[in-house]
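Asks: Have a look at the structure that comes next, please.
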Amino acid sequence: MPIEIRELVIKVNIVEDNKPANGLENQNLTDLKRQIIKECTERVIAKLERKSER
């Protein structure tokens, strides 16, 4: 069953700041971002699989 996305809204705030947030190093921050993206992707795929099983 295909899924149609009629509207996708993405809001972004860009801040020019060269110091790490909360003392996190750039590498740690990058790793955290990758982990978040990976987990979100896995959850979306799991929901799509469950929906297609119905």
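Asks: What pairs come out if I take residues in segment 27-54 that are at negative phi and of a type in the set (A, V, I, L, M) and pair them with residues that are surrounded by 10 or more Cβ atoms within 10 Å (Cβ to Cβ) and not in a helix (DSSP H, G or I) whose C-beta lies under 7 Å away, six or more apart or interchain?
Replies: Note: pairs meeting the criteria are 29/20.
Asks: Continuing with the same structure: What is the residue count in segment 9-33 for residues that are loosely packed, with under 10 Cβ neighbours inside 10 Å and modelled with pLDDT of 85 or more?
Replies: Number of matching residues: 5.
The values are calculated or read from the model by the stated rules, or taken from the named source; none is laboratory data. The model shown is predicted, which means the values in this text are computed figures rather than measured ones. When we count neighbours, we look across all protein chains shown, and the Cβ atoms used for this are built from the backbone with ideal geometry, even at glycine.
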